[in-house]
Structure formats: C-alpha cells, structure tokens
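The values are calculated or read from the model by the stated rules, or taken from the named source; none is laboratory data. Computed from a prediction, not measured in an experiment: that's the story for all the values here. Here the Cβ is made from the backbone with ideal geometry for all residues, glycine too, and neighbour counts use every protein chain on show. Note: areas computed on protein heavy atoms with side chains; ligands, DNA, RNA excluded. Shrake-Rupley method; radii C 1.70, N 1.55, O 1.52, S 1.80 Å.
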Amino acid sequence: MLYSESILLFYDILLMNGNMQSSELTSAARRLRMGAIFSLVLVVGSALYAGAAWFLGLDPDGAIQVTFGGPGNQQARFVAVVSGALFALGLQRLIRMLGRMGQGERFTSRNIGDLRGFTFYVLISAIVSILLPIALSLIAALSAGAGERRVTFTFDGGDFFALLVSALLFFVVRLLGEAQRLSEEAAQII
C-alpha cells in the first residue's frame, strides 16, 4: 500500500495538477513521512554500527552479524559511514518536505528545495560509495611497500543502477523546480 501511495504522490507532484484530493495527498504524505523516518533510523543505525566497528576495530561473532564489504573490512565500514551520513542528510530533507505536505502545503518552492536537497544527497551518496573505495585503495597502494602494491576497482550493476536512478531523480527534480519557477513568474505577470 505504501509503495502505491508513493507512486501516486510522485505522479501528482510530477504533473503538478493536483489530481489527488487534498485529504488523500496529506494522508499519503504522512504515511510516506513515517516510512522515511523509519528508513532514516535504519540508515543512521547502520552507519553508527559501521562507524563503531570501524573505529573500534570490532569484528563481532555474535548472534547478529552485520558486515560491510566482508568481515573485518575496515575500509568498507568507513565508506558505509560516509555514504550513510550523506544519505541520512538527504532523508532528513525528504522528511521535512513530507511533513509540510502532510500539513497541506503543496508544490511550493520550499518543498521543491527540500526535494532537490534529498535527490542531491542521494546522488552524492551514490558517487561517494563508488569513488571513495577507489581513492582509499589508491592511497593504500601508494603507501604500501614496493612488492605489495595492488589496487582493486569494483563497479557492479547495483552501483551503476544506484548512480543512474539517483542522477535521473536529481535532474527530474531540477526540471520540476524550473517549471515551478516559470509557473510562478507567469502567475505574477497575469
């Protein structure tokens, strides 16, 4: 149900024509906000866990085991902390936007700004999760001894898909922001 509501809400925002009834829109925005808050808690919790494991050098063997890039991979834990923090900043912007929409505020410049901020942080998080491991691998290779230098680059389909979707969303929201600005200018002329 939450997925279909998010599709309807996004469709309503994209078309900017308000097909959804006001009560439907505010109700869907409130439910999506709760989902975004839950996602934020998961992302922050995972980033905190990865940060603690990275900082303290933990490699837990308990009943619950969370791994980032394989057991004991400190570099992957650091990347998870950095990209998770960026993603959490984006979710915070989304939560703020959905909160205003849940109170009845429609497609305003403030909401567009927060939506743009969300997509920006998601895009930066995707880029960081791809480029930071490469940079860390290069640094490790340059600081290693002569016979121990090795650099590993990995880029899989999931990385490509995350980068593609976040870039597309970022540019769609920029287009929507420009459309809203032109609409406001036209309304002031009339």
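What the table shows:
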quantity	calculated
Protection proxy ranking of 120-129, 97-106, 156-165, 173-182 - average other beta-carbon atoms within 10 Å, highest first	120-129, 97-106, 173-182, 156-165
Mean separation of Cα contacts under 8 Å, 6 or more apart, over the residue count of the stretch 77-133: relative contact order %	55
Ile134 - accessible surface, heavy atoms, 1.4 Å probe, Å² rounded to 10	40
Chain lengthening between Ala52 and Glu24 when straightened (0.36 nm per residue, less Cα-Cα)	5.9 nm
Exposure ranking of Ile95, Ile37 by accessible area [1.4 Å probe, largest first]	Ile37, Ile95
Whole-angstrom gap from the stretch 108-130 to the stretch 93-107, using each part's C-alpha centre	15
Sites Val44 and Phe153, calculated FRET efficiency, Cβ-Cβ separation with R0 35 Å, nearest 0.05	0.75
Net lengthening on full extension, Phe160/Thr108 (0.36 nm per residue, minus Cα-Cα)	15.5 nm
Contour excess over end-to-end distance, with Cα ends at Arg174 and Val82 and 0.36 nm allotted per residue	30.6 nm
